[in-house]
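The values are calculated or read from the model by the stated rules, or taken from the named source; none is laboratory data. The structure presented is a predicted model; accordingly, all values stated were derived computationally and were not measured. No Cβ is skipped: glycine too gets one built from the backbone with ideal geometry, and neighbour counts run over all protein chains shown.
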Amino acid sequence: MSEQLGEERFSASDLEPSADEIAARRRGVIDRVAAAVATLGAGTLFGGLFALGFCAAPMVFRMTPAPFSGNAMGAAFARWDRVAVITAGVVLVCEVVRTWAARGRSRQLWPRIRRIAAVVVAICATYIGTSLSPRILELHEAGARRGDGEKGLELDAVHKRAEMFGKIEAVLAVALVGLHIFTLRTRDDEDDEENDAPAPLAPGPR
């Protein structure tokens, strides 16, 4: 009888978290780290576009004569575009990580909107960096001036296209910051995930 009672007592191992609980907590930590990195990346994209497009460019073109103004801003945007493409790629990687960490919750509405926004931001950054900015720089180096002659008209059209995609990228980058914060995994989410896991057997003789 005493041996049977001893076998039915709880042990320290019965109080330890299960493998599913440990995995859920680990995914929660990974999700928060990925969200923090993605938020920094999206904020960097918006900050760079705002600083160059809305602050630096108007002043440079106003205070510096052509063609030096165009060449200077073209070189600045070319350097920024490399940073933007890499940063957008990091944001996409974070989306993959967060989708893995969220499991079934990744199919909810807000995470889907967040992923679509991240993809569009990456497309805009890549299109500007690999197509529009190089073409603008080529036209500036060829002596084109906006609205002056055939090349000037092309320069004006490419500029407007770059501004449009830049505004889309900036707006969605701000939206991404909010979406990453809004869709963070909470402790309740992790508890729900742990509760969905198969319950361990009661301690005692099997």
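If you check residue 42 against the conditions, is it under 18 Å from residue 171 (Cβ atoms), in contact (Cβ under 8 Å) with a residue 60 or more places away in the chain and small (Gly, Ala, Ser)?
yes
Only one of 98, 62 is surrounded by 14 or more Cβ atoms within 10 Å (Cβ to Cβ) and of a type in the set (D, E, K, R); which?
Checking each option against the conditions leaves just 98.
Being touching a His at 6+ places or on another chain (Cβ under 7 Å) and not hydrophobic (A, V, I, L, M, F, W, C) is the filter here; which residues of the range 31-57 pass it?
39
Given the condition over 14 Å from the mean Cα position of the chain (by Cα) and at positive phi, answer yes or no: does some residue in the range 68-80 qualify?
no
Exactly one of (1) surrounded by 14 or more Cβ atoms within 10 Å (Cβ to Cβ); (2) at pLDDT below 95 is unmet by residue 174. Its number?
(2)
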